[in-house]
Amino acid sequence: MKVLVIQQRMGIGDMVIFLPYIHAISKKFQSQVSLLVKKNSKAEQLCLDDRHIKEIMYLDRNKNNSGRHDGWLGFFKLLKDIKEKKFDKIFIFNGSLRFLLLAKFSGIKSVSRYPLFTRKDNIILSAKKFVENFTKGTISTQPTLYLNKEKIEKAKKEYNFDNNFKHICIGFSASGPTKRWHVEKYIKLAEEINKKKPCKFYLAGGKNDEELFEKFLNSSVASKCIPFKDLSVQETLPIIQNCNVYIGNDTGWLHIASALNIKCLALFMDSPVQSYGKYSENISVIIPEGETEESTTHDTLGKEKINFEEVLNKSIELLN
């Protein structure tokens, strides 16, 4: 059985969140599946050791309409790519007419998809219902990232994960400034935690976060920091796996840590807790003062209303 799964959302976090449903499809057919995803999902790095996934295919569609698969010409290029694979079954985590036509024209006989024109859904609930309707079983929303044990042990030795320290992954990066707590507050948080417990801090950010790294690496806790700025996502996974907790913004690093079964404290300043903070028991949330978990949205704009003492107290609680 050759199965294709289309998951077109862009982010790392979304890719991680869909993993339980991709794994459930693989288990149902007792077969590895192929994924069609966007490059920004970093699926190839996240799923390198995933026994449920056979191959990663990339959907090249950009906001500026310059991608290989953009437009009608791009549609037929993608159709050709898929048709060559001769899939028996396709699952489409999307209500797009474009993907439905793609499945039909590619000759795939069995097509499962979201209802046409599905919009503004809760991505967790929609995916769970969609796959459970097919598998006829209950699927946990908790994702799992599979890692080679040798990589975990190698990282433990290379980065000296000493049991005399608490090891904290700090996710100060985010997809936009409204979702990112002030780096100065993360530095102060690290300083206060380190006064109570000897710590090492693993700074989860990327190439666009140079200014944030610089501030941390010029602070009083600089000697205790290991930055991720020159590492690939794949290289960070075994490091995060060895950490005690994740503390940071609602970003891809949060969902990676959750899927590695690490306790997480997530700051939701400008994104919906109900969609991104409730699917895993590993995640505890901080919300802006005056908001509720139900009222947080992509337009909450609440980073100035995150209470520092609450973050500090909950951080210490998780570390204990």
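Quick notes on this structure:
- With R₀ set to 45 Å, the beta-carbon distance separating K129 from N313 gives a calculated FRET efficiency near 0.75.
- Binned Cα-Cα distances of region 114-261, short to long, each 5 Å bin given as a whole percent: 2, 8, 17, 18, 17, 13, 10, 7, 5, 3, 1
- Cut-off 12 Å between beta-carbons: net charge of the residues surrounding F87, Lys and Arg +1, Asp and Glu -1: +3
- Three-way shape call for region 3-135 based on the alpha-carbon gyration tensor, with the a/c threshold at 1.5: rounded
- Part-to-part distance (alpha-carbon centres) for region 1-62 and region 73-147, which is given in Å: 11 Å
- Taking a ≥ b ≥ c as the square roots of the eigenvalues of the Cα gyration tensor, region 211-293 is oblate, since a/c reaches 1.5 or more and a/b is not larger than b/c.
- Distant-in-sequence amide H partners of S96 (H built 1.01 Å from N, under 5 Å): F117
- Per-peptide average of other Cβ atoms within 10 Å, ordering 8-15, 236-243 highest first: 236-243, 8-15
- Charges were assigned to the Cβ only: +1 to each Lys and Arg, -1 to each Asp and Glu. The resulting dipole of region 1-91 about its Cα centre is roughly 220 debye.
- Mean ellipticity per residue at 222 nm, deg cm²/dmol - from DSSP H runs of n ≥ 4 across the chain, formula -39500 (n - 2.57): -11000 deg cm²/dmol
- For region 286-308 versus region 175-216, the gap between their alpha-carbon centres in whole angstrom: 19 Å
- Derived from the Cα gyration tensor, the three semi-axes of the equivalent ellipsoid of region 254-293 are 19, 9, 8 Å, largest first.
- Antiparallel bridge percentage (DSSP; both residues within region 149-319; nearest 5): 0 percent
- Remark on M57: its backbone amide H falls under 5 Å from those of L35, L36, V37, a criterion applied only to residues 5 or more positions apart or on other chains, H modelled at 1.01 Å from N.
- Highest to lowest packing among 34-46, 145-157, scored as the average C-beta count within 10 Å: 34-46, 145-157
- Residues considered: F117, F75, F216. Largest GNM mean-square fluctuation over the chain, using C-alpha springs under 10 Å, is found at F117.
- Structure-derived Cα Rg over 2.2 N^0.38 Å: which label, when the choices are (i) 0.95; (ii) 1.12; (iii) 1.04: (iii)
- Residue (of S220, N249, F91) at the positive-pole extreme of the chain, dipole from beta-carbon charges: F91
- Simple point charges give the picture: +1 on the Cβ of Lys and Arg, -1 on the Cβ of Asp and Glu, and for region 149-319 a dipole about the Cα centre of about 680 debye.
- The alpha carbons of region 1-78 occupy a box of 37, 27, 17 Å along the principal axes, longest dimension given first.
- For K83, the lysines whose Cα comes closer than 16 Å to its Cα, not counting residues fewer than 8 places off in the same chain, are K2, K104, K109.
- Computed from backbone phi, the HN-Hα couplings of region 132-140 come to 5, 4, 8, 7, 6, x, 7, 10, 5 Hz, rounded to whole numbers (Karplus: 6.51 cos²θ - 1.76 cosθ + 1.60, θ = phi - 60°; Gly and Pro given as x).
- Top positive-direction residue, dipole computed over region 3-135 with Cβ charges, set G107, I56, I123: G107
- Dipole of the chain, positive end: most advanced residue of I25, Q274, P177 [Cβ charges, Cα centre]: I25
- Take every DSSP beta bridge whose two residues both sit in the chain; close to 0 percent of them are antiparallel.
- Coupling constants for region 152-166 follow from the phi torsions by the Karplus curve (6.51 cos²θ - 1.76 cosθ + 1.60, θ = phi - 60°), and in residue order they are 5, 5, 5, 5, 4, 6, 5, 9, 6, 6, 6, 5, 6, 10, 8 Hz; glycine and proline get x.
- Shown in residue order for region 69-84 are the 3J(HN,Hα) couplings computed by the Karplus curve 6.51 cos²θ - 1.76 cosθ + 1.60 at θ = phi - 60°: 9, 7, x, 5, 5, x, 4, 6, 5, 5, 4, 4, 4, 6, 4, 4 Hz (x for Gly and Pro).
Every number here is computed from the coordinates shown, using simple stated rules; none is lab data. Remember, predicted model here, so these are calculated numbers, not experimental data. Using ideal geometry, Cβ is built from the backbone for each residue, glycine included, and neighbour counts are taken over all protein chains shown.
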